[in-house]
Amino acid sequence: MKLKIMLATAALAMTASAGLGETVKVGMITTLSGGGASLGTAIRDGFMLAIKQANNPNIEVIIEDDQRKPDIAVQLADRMIQSDKVDILTGIVWSNLALAVVPSVTAQGKFYLSPNAGPSALAGKNCHENYFNVAWQNDNLHEAAGGYANTAGYKNSFILAPNYPAGHDALAGYKRMHSGDIAGELLTKLGQTDYAAELAQIRASGADSVYFFLPGGMGISFVKQYADSGITIPMVGPGFSFDQDMLAAVGDAALGVRNTSQWNKDLDNRANAAFVTAYVDEYGRLPSLFASQGYDTANLLLSAMAEANISDRDAFRDALRAANFDSVRGDFEFAANHHPIQDIYVREVVLEDGVYTNKILSLAIENHADIHAANCSM
Amino acid sequence: MSLVLFIEQVLNGFQFGIMLFLTAAGLTLVFGVMGLINLAHGSLFMIGAFAAASIAGWTGSFVLAIMASLAAAAAAGALVEVAVIRKLYDRDHLDQVLATFALILILSEGTRWIFGSFPLYLNIPSYLSGPISLPGGIQYPLYRLTIIIAGLFIALCLRQLILKTRIGMQIRAGESDREMIAVLGVNISWLYTLLFALGAALAGVAGGLVGALQSVQVGMGEPILILAFVVIVIGGIGSVKGALVASILVGLTDRLGSILMPEAFKLFLPPADATLMGSALSSMLIYILMAAVLVWKPTGLYGVRV
């Protein structure tokens, strides 16, 4: 299952943007098999597209599959650091894996660029100068959804998420911004595929809306079963559950659902338009939220490589912190805890030329930073 | 908690149990008759779901899709038995576990190679979708009710097959004394292939039926495999009746536990903590049930062998 991609062959085709001459080794640990494979695949594809476009001979990427298992992720990280001698790690999808891997990576003086997982435990007191999150802090999209629920007039929400760190962050984020009551709150098993018991409780709860965070296959199962249950109250979710790669498997059941995201393919900026076209050309499918995060992560890395040598850790860190790259989500900057300050939008699932996709409805929160930054003493 | 919610959860428990039974029945027969631990049983479940999703995509017919899931899983089962499993009957359990674990990897990656990493679309047909009203004001999804009825029907067919037919007689004979029925002139290798394909077909049908409710993706069989093993251990290895009783028991424990445990903790804990504790404990409940049954009856509810 080892996939080793060497990109050092393109030396002759060096472009002007290649910058400084030291080779940077990147270790990508992501989920490429099992129930979460579609997320990791999208992150990898987005990341590799940016690497390919940059055509920089000084970057080498090693990709490994963590199978969504924390122990395997830890082993891979150790091996990449000790025998492959990587300088930078990236790729982890799931917060429980990130919590197992990131602290030891940063403690060994390596950089970790998160293209997805942003657990609150790494954003506050335990923030680290070598840890950068290019996606969001976990709470963010859920906070935006809580805010949206207020605007939509939902006063009594039933909320559920898987029982793992990102699930806890999700419910906390939604409750932080939602001013209405909570009709019920459930923590489900990670990887659960049957939600009959939860749906029965939603039906009995008398709630006026449902908020759920169930990434990957869990969300597909939930939305299909929700549509079949006869429950008619509206559902709201973060963008993950209504992501481009999921929608085809969900079909009509997702139509019209409002969800929150920091990115969508119709965001009006030049970098995004170029990204969407290039992604479709390369992979023959529309990019997802996760792909956009992988793409931004690679571009952040490339921007730092153009400014500083990896051997000069402090200069390289400063270059990363400057975030001097064209993000596909428009404006992008890091807060003090190295998590993004960004706009978050409300999207709606629509059918466009026979393809299920999202379109942006409105801005949910502008220039949003997470609240954990205040506890970070960096 | 209202009575309606309770009854709905009981129905959910039954439906979950029936699905588990379809997966566990094949596993317990194969284990009981051939003495084989087949970890790749979950992959046959996955093959059923993928076959159903493909055929539903091409033809649009759900009935054809379910028939395809049965046929594809049975064919895959027969192929696997002839190519790999047949060589493992005389080996010890460790070799069987290793070989069938390798089969999981091969079948998963093979499926990914053909269908890709992204989940497939398979939905409930329109004539089975939506809820129906049951007496007492209960709204219950028609599809889940159909699964309960279809599963019970399959269980009945299986019972008739095992108790009333010649093949069933040979299966039962094989269960009690493998060497003896070979000596009596029964073509044991043919019987084994047939039995393995039958178990695979049941798992495949379960995969097809569940696929319409869930996400059809690589790796969907592994979680159900663990539960199927719990079921056959509780029910007693080799006993189809035990598998049925244990499946329903596990289904009810899981579904009722997931609502009763958090409620119980709410009596003496703040709601947020109660949810956390209750969720954690309810996911352990079926394993606690298994441990309790094994203390009470070490060979399982209907098991005879030690």
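Data table
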read-out	value
Residue check for A:GLU143: open to solvent by 10 Å² or more (accessible area, probe 1.4 Å), in contact with a helix residue (DSSP H, G or I) (Cβ under 8 Å, 6 or more places away or on another chain) and acidic (Asp, Glu)	no
Selection count, region A:335-378, where residues are assigned to a strand (DSSP E or B) and either among the charged types (D, E, K, R) or within 17 Å of A:LEU320 (Cβ to Cβ) (or both)	9
Residue in region A:357-377 that is of a type in the set (D, E, K, R), open to solvent by 60 Å² or more (accessible area, probe 1.4 Å) and under 22 Å from A:LEU286 (Cβ atoms) present	yes
Residue check for A:PHE334: modelled with pLDDT of 95 or more and closer than 16 Å to A:MET48 by Cα	no
Close pairs from region B:273-287: first charged (D, E, K, R), partner buried (at least 19 other Cβ atoms within 10 Å of the Cβ), Cβ under 8 Å, at least 6 apart	B:ASP273/B:PHE265
Within region B:268-283, considering residues that are farther than 15 Å from A:HIS168 by Cβ and surrounded by 12 or more Cβ atoms within 10 Å (Cβ to Cβ), the one nearest to the other protein chains (Cβ to nearest Cβ)	B:SER283
Verdict on A:ALA98 being under 30 Å from A:PRO234 (Cα atoms) and either open to solvent by less than 10 Å² (accessible area, probe 1.4 Å) or assigned to a loop (DSSP other than H, G, I, E, B) (or both)	no
Residue among A:SER104, A:SER33, A:SER83 that is closer than 25 Å to A:SER288 by Cα and of a type outside the set (Asp, Glu)	A:SER33
Count of region B:1-19 residues which are at the interface with chain A (Cβ under 8 Å from one of its Cβ atoms) and either buried (at least 21 other Cβ atoms within 10 Å of the Cβ) or not in a helix (DSSP H, G or I) (or both)	7
Wholly within region A:143-249, helices (runs of 4 or more DSSP H) carrying at least 2 residues that are among the aromatic types (Phe, Trp, Tyr)	A:217-229
Output for region B:125-144, where each listed residue is part of a loop (DSSP other than H, G, I, E, B) and at pLDDT 90 or above	B:PRO125
Unmet requirement for A:THR193, which otherwise passes all of (1) among the β-branched types (Val, Ile, Thr); (2) away from every other protein chain (no Cβ under 14 Å); (3) open to solvent by 10 Å² or more (accessible area, probe 1.4 Å)	(2)
Residue in region A:252-274 that is over 30 Å from A:PHE332 (Cβ atoms) and within 12 Å of another protein chain (Cβ to nearest Cβ) present	yes
Selection count, region A:155-180, where residues are farther than 20 Å from A:ASP370 by Cα and open to solvent by 40 Å² or more (accessible area, probe 1.4 Å)	3
In region A:36-64, the residues that are within 14 Å of chain B (Cβ to nearest Cβ) and open to solvent by 20 Å² or more (accessible area, probe 1.4 Å)	A:ARG44
Residue list for region A:254-275, filter: surrounded by fewer than 19 Cβ atoms within 10 Å (Cβ to Cβ) and more than 12 Å from A:SER327 (Cα to Cα)	A:LEU255, A:GLY256, A:ASP266
Of the criteria (1) under 22 Å from A:ALA304 (Cβ atoms); (2) modelled with pLDDT of 95 or more, which one A:ALA16 fails	(2)
Members of region B:28-80 that are among the hydroxyl-bearing types (Ser, Thr, Tyr) and surrounded by fewer than 24 Cβ atoms within 10 Å (Cβ to Cβ)	B:SER54, B:THR59, B:SER61
Residue that is least open to solvent (accessible area, probe 1.4 Å), among those in region A:289-346 that are farther than 27 Å from A:ASN358 by Cβ and among the polar types (S, T, N, Q)	A:ASN337
Filtered residue count, region B:117-138, keeping only those that are more than 10 Å from chain A (Cβ to nearest Cβ), surrounded by 12 or more Cβ atoms within 10 Å (Cβ to Cβ) and more than 24 Å from the chain's Cα centre (by Cα)	1
Qualifying residue in region A:325-334 (condition: small (Gly, Ala, Ser), in the same structural domain as A:ILE92 (by TED's automatic domain parsing) and assigned to a helix (DSSP H, G or I))	no
Verdict on B:SER247 being open to solvent by less than 30 Å² (accessible area, probe 1.4 Å), within 27 Å of B:LEU29 (Cα to Cα), of a type in the set (S, T, N, Q) and modelled with pLDDT of 90 or more	yes
Failed item in (1) open to solvent by less than 10 Å² (accessible area, probe 1.4 Å); (2) hydroxyl-bearing (Ser, Thr, Tyr); (3) at pLDDT below 90, with A:TYR211 passing the rest	(3)
Criterion (in contact with a strand residue (DSSP E or B) (Cβ under 6 Å, 6 or more places away or on another chain) and in a helix (DSSP H, G or I)) met by exactly one of B:ALA53, B:ALA71	B:ALA53
Filtered residue count, region A:109-127, keeping only those that are in contact with a strand residue (DSSP E or B) (Cβ under 8 Å, 6 or more places away or on another chain), part of a loop (DSSP other than H, G, I, E, B) and more than 17 Å from A:LEU39 (Cα to Cα)	2
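The values are calculated or read from the model by the stated rules, or taken from the named source; none is laboratory data. Just so it is clear, the structure is predicted and the values come from calculations on it, not from any experiment. Here Cβ is always computed from backbone atoms with ideal geometry, including for glycine, and neighbour counts include all displayed protein chains. The area values use the complete protein model at the heavy-atom level, side chains included, leaving out ligands, DNA and RNA. Shrake-Rupley method; radii C 1.70, N 1.55, O 1.52, S 1.80 Å.
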